[in-house]
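Notes for the one structure printed next.
The values are calculated or read from the model by the stated rules, or taken from the named source; none is laboratory data. Being a predicted model, the structure only gives us computed values, none of them experimental. Cβ atoms come from the backbone with ideal geometry, glycine included; neighbour counts cover every protein chain shown. Ligands, DNA and RNA are stripped out before the accessible areas are found, and what is left, the full protein with its side chains, is counted by its heavy atoms. Shrake-Rupley method; radii C 1.70, N 1.55, O 1.52, S 1.80 Å.
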Amino acid sequence: MADPPGCCSTCATCLLCPYSCQWITPKKEKRKGLRTTKYDCSWFLFLFCVFLFTLVWLYFAIIILNDFHNFNEFIFRQRKLWLDWSQVLLIATAVLISYSSVLLVLALCLQLCGHPLKLHWVHKVLLILAALVVAAAFTGLGIKWAEEWKSARVSLQATGPFLHIGTVGGMTLLAWPLASFIYRTRNTGLRVFLLLVYCAAMIALYLAPLGITSPCIMEENQLPPKPALVGHRGAPMLAPENTLMSLHKAVECDVQVFETDVMVSADGVPFLMHDEELTRTTNVQAVFPDRAAQSTAFNWTDLQQLDAGSWFLERRPFPTVQSLSPGDRNETTKQRIPSLEQALEAAKQSNISIMFDLRPENHSDYQNFVNVTLRVILRSGIPLQKVLWLPDGFREDVKQQAPDVQQVYGRKRLKDEKEPILHVNLPYQDMSSEEIRQYRQDNISVNLYVVNQPWLFSVLWCSGVSSVTTNACQVLKEMKHPIWLLPSSTYLMIWIVVDCVSFLIIIWAFVLLKKCSHRRQPAESETDVLLTKINSLMQE
């Protein structure tokens, strides 16, 4: 088989060596009579599927970074081990996608050069392992973190138009090796099958924008106001969560609401704490090594002995910890568990609202927790309109004792609602863009949590959400505009141009490679005759 024009012997050898794990020169290849068999084609198809599989997982890995801090907390509660598992995820995903991408590029280049696709058995084993690892990752995601499938659907509203353009571009480039293979193979049935599949895929892609919807496809003058920011436990990327320092950092980020969690000590003092155990965010194991770390089992005097800031510097729950100034580091080490009274005073002085949940909901003395917390609020002097009450337990009692407190519901409104709901607080996965718009029209304030990534904030901004709870207030504060905003007419023009350019490139690829195949046929025929004569002489 003669080398195609532009594919030198050295290049061909360099392509064959890493793909086949053998140093095969084109001369050796001709002498051995190596050709791509159906078995080799099946492995190429498997390689292509593994590449697509890992590519989809890469997309998921990037999407779930918004919620990965929750996963880190979950692992700590289960194993008492803190690690930023997002870095492990990204490194492993990068290795898988890089490996499959390199092999696929090598295979496509070999096909264009007219050389056999002899994948080495080591690559075959590694590809099977890669497919199993990604399958296990998807399975684990579906079992333990099923809400992330909803996150992926939300993400398509931000990435759909660009995924369409990228997929059209990739499938257009695939026309070159496909045309090369079609003109080389002598199997007419296979030719027709591949052409039909490819044409069907391209037609589906060309028409895909008919099913792509995004709230950010709108005119500039239709863009709703920027959502207000709610500091999730304050500003946990800049200071230890649920501390006064975190509250003050959140105020610097222009948050309008400080979101926190309240528990009640053994002697009846409400204080800020998210976990039912003190292990993650304090040094309780060092101060009280012989006691159980249950948050509500400690009295207020004992709680005040705990360091609620040094863990932040030691475990570095977010990459932003590394960039803290010396002054902030010093202040972090001085943080203690604040009482609800202290937090209310700080919120009052900063003129921001405070929203909290009361934990644990299943405690036998929960009604007393509600009464104690309510007394502290009424005694604090903070305007009750600045207090957003999340707990569902004994809500009617709260309404009677403090009717001016803002009631926030962790559910959607019901059809037979007895009294109108004015505020809802839900995970961002649980509300569609259409529902957000409807609630906005009905003057219902919608707060969605937890929103950290700019792409997600942009989608919710375009949808018209009232506010978002975030860990990254310092990032979202700087956003003056959604990441992208396209008028429908502009998107239509981009759609038509991309499809037309893609179609022309595909036609050009098939026409050009057909001419090249005609030029090679005489040379290949002469080579085949010569090889036949040599084989006959050797047999004699």
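Ligands, DNA and RNA aside, Arg291 has an accessible area near 100 Å² when probed at 1.4 Å. Full extension of the segment from Asp416 to Glu478, taken as 0.36 nm per residue of separation minus the current Cα-Cα distance, would add 18.2 nm.
From the alpha carbon centroid of the stretch 240-255 to that of the stretch 279-355 is 12 Å. For Ile506, neighbours were defined as the other residues whose beta-carbon sits under 14 Å from its Cβ, and their charges (Lys and Arg +1, Asp and Glu -1) total 0. Of all DSSP beta bridges confined to the chain, the antiparallel ones make up roughly 15%.
Subtracting the Cα-Cα distance of Asn221 and Phe46 from their residue separation scaled by 0.36 nm leaves 58.1 nm.
Given an 8 Å cut-off on Cα distances and at least 6 residues of separation, report the relative contact order of the stretch 232-386 as a percent. Kindly include the intermediate steps, with their values, before the conclusion.
Values: 257 pairs, mean separation 44.3, N = 155.
In percent, rounded to a whole number, it is 29.
Sorted by accessible area (1.4 Å probe), largest first, how do Cys199, Cys41 line up? Don't jump to the answer; show the numbers that get you there.
On the way: Cys199 70, Cys41 45 Å².
Highest to lowest solvent-accessible surface, that is Cys199, Cys41.
Distance from the Cα centre of the stretch 391-406 to that of the stretch 56-114, in angstrom? Taking the Cα centre of each part, the stretch 391-406 and the stretch 56-114 sit 46 Å apart.
Under 5 Å between amide hydrogens, built in the peptide plane, is the criterion, and for Trp484 it picks out nothing among residues at least 5 positions away or on other chains. With the whole protein complex present, Glu341 retains an accessible surface near 100 Å², based on a 1.4 Å probe.
Legend: distances between Cα atoms for Lys150/Lys480; Lys249/Lys386; Lys348/Lys412; Lys249/Lys334; pairs beyond 22 Å are Lys150/Lys480; Lys348/Lys412.
The long axis of helix 340-350 is offset from the longest Cα principal axis of the chain by roughly 80 degrees. Shape annotation for the stretch 261-374: C-alpha extents along the principal axes are 43, 42, 23 Å, from largest to smallest. Taking a ≥ b ≥ c as the square roots of the eigenvalues of the Cα gyration tensor of the stretch 63-174, is the shape rounded (a/c under 1.5), prolate (a/b larger than b/c) or oblate? It is oblate, given that a/c is not under 1.5 and a/b is not larger than b/c. The residues Lys386, Lys124, sorted by heavy-atom accessible surface at 1.4 Å with ligands and nucleic acids left out, run Lys386, Lys124 from largest to smallest. Where the accessible area of the stretch 401-452 is counted over protein heavy atoms with a 1.4 Å probe, how much of it, in %, is carbon and sulfur? Looking at the stretch 401-452 in its full context, I get 47 percent from C and S. Look at (i) 23.9, 75; (ii) 31.1, 110; (iii) 25.9, 94: the one that is Rg and Dmax of the Cα atoms in Å derived from this structure is (ii). Sequentially through the stretch 165-181, phi angles give Karplus couplings (6.51, -1.76, 1.60; θ = phi - 60°) of 4, x, 5, 4, x, x, 5, 5, 5, 5, 4, 5, x, 5, 4, 4, 5 Hz, Gly and Pro residues having no value and appearing as x.
When the chain is described by a simple charge dipole with +1 on each Lys and Arg Cβ and -1 on each Asp and Glu Cβ, the residue from Leu448, Ser502, Val95 located farthest towards its positive end is Ser502.
Below 8 Å, C-alpha to C-alpha, sequence gap of six or more: please give me the relative contact order for the chain in percent. Show your work: numbers first, answer last.
On the way: 727 pairs, mean separation 88.9, N = 540.
16 percent.
The amide H of Thr260, built 1.01 Å from its N in the peptide plane, has Arg233, Met355, Phe356, Asp357 as neighbours under 5 Å, considering only residues 5 or more places off or on other chains.
Protection proxy ranking, highest mean first, for peptides 56-62, 277-283: 277-283, 56-62, where packing is the per-residue count of other beta-carbon atoms within 10 Å, averaged. In this structure, the amide hydrogen of Ser466, modeled 1.01 Å from its nitrogen in the peptide plane, lies closer than 5 angstrom to those of Val446, counting only residues at least 5 positions away or on a different chain.
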